[in-house]
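Heads up, the thing below is written out as structure tokens.
Here, each number is a calculation from the coordinates, and none is a lab measurement. Only a predicted model underlies this, so the values are computations on that prediction, with no experimental measurement involved. Methodologically, a virtual Cβ is constructed for each residue, glycine included, from the backbone with ideal geometry; neighbour enumeration extends over all protein chains shown.
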Amino acid sequence: MADPTTPSAAAPAVPKPAPSKSAAKDAPSRRGFLLGWLADSMVLAWTAFAASMAAMTLGTLRFLIPNVLSEPPSKFKAGYPDSLEEGKVVERFKDQNTWIVRNGGIIYALSTTCTHLGCTPNWLEREQKFKCPCHGSGFYITGINFEGPAPRPLERWAIRIGDDGQIVVDRSRKFQNERGEWTNPDSFIKV
Ligand code: FES
């Protein structure tokens, strides 16, 4: 006779509840979402890193290679001496930082940079003077300072007559009156 306390081999097994369909689907899709999110984040991080490295490299190159192409050439032709009138200031080379002046039997090229703090003075024909709009310095037609805070005269560039008879100004060489350099024959043309 069978023992009633021992489970019978013939007793029907209680079936385990089958996992629901949606739970079975959710596990892999959540994993997939997480993996995708991680991959996207890594791509974003690497892209940002690469962009910042490229910007740093460009900045370094810009610093190491000066932008010399934007500089105007230091030498230029300024026409024939006969085209200049005595006592007149030629202003058409101002973008080359130069006034050409024929005055007192010589031609010279004055720098347009104020010797106070570097502004550009204006030539006042009626008053026969250069007047700086920044702090009021005044310079005679010779370039000598006579009013305002400018501590010294305007500078002159090297000037000569070229092979074709035209005036050639060379801004790579300057002459300062306070150093006695305006007597240098390269700082003027005798006419
Ligand atoms: S910059 Fe010309 S007076 Fe100051």
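Candidate cross-link partners of Lys129 among the aspartates and glutamates, defined by an alpha-carbon separation under 17 Å and a same-chain spacing of 8 or more, comprise Glu85, Glu86, Glu91, Glu147, Glu155. Under 5 Å from the amide H of Asn122 lie the amide H atoms of Lys131, Cys132, each residue being 5 or more positions distant or on a separate chain, with H modelled from the backbone and absent for Pro and chain starts. Of the peptides 136-144, 87-95, the order by per-residue mean of other Cβ atoms within 10 Å, starting with the highest, comes out as 136-144, 87-95. Between Lys75 and Arg171, the built amide H atoms are under 5 Å apart, and every one of these is 5 or more places off in sequence or on another chain. Over all Cα atoms in region 109-155, the spread is summed up by Rg and Dmax: 8.9, 25 Å.
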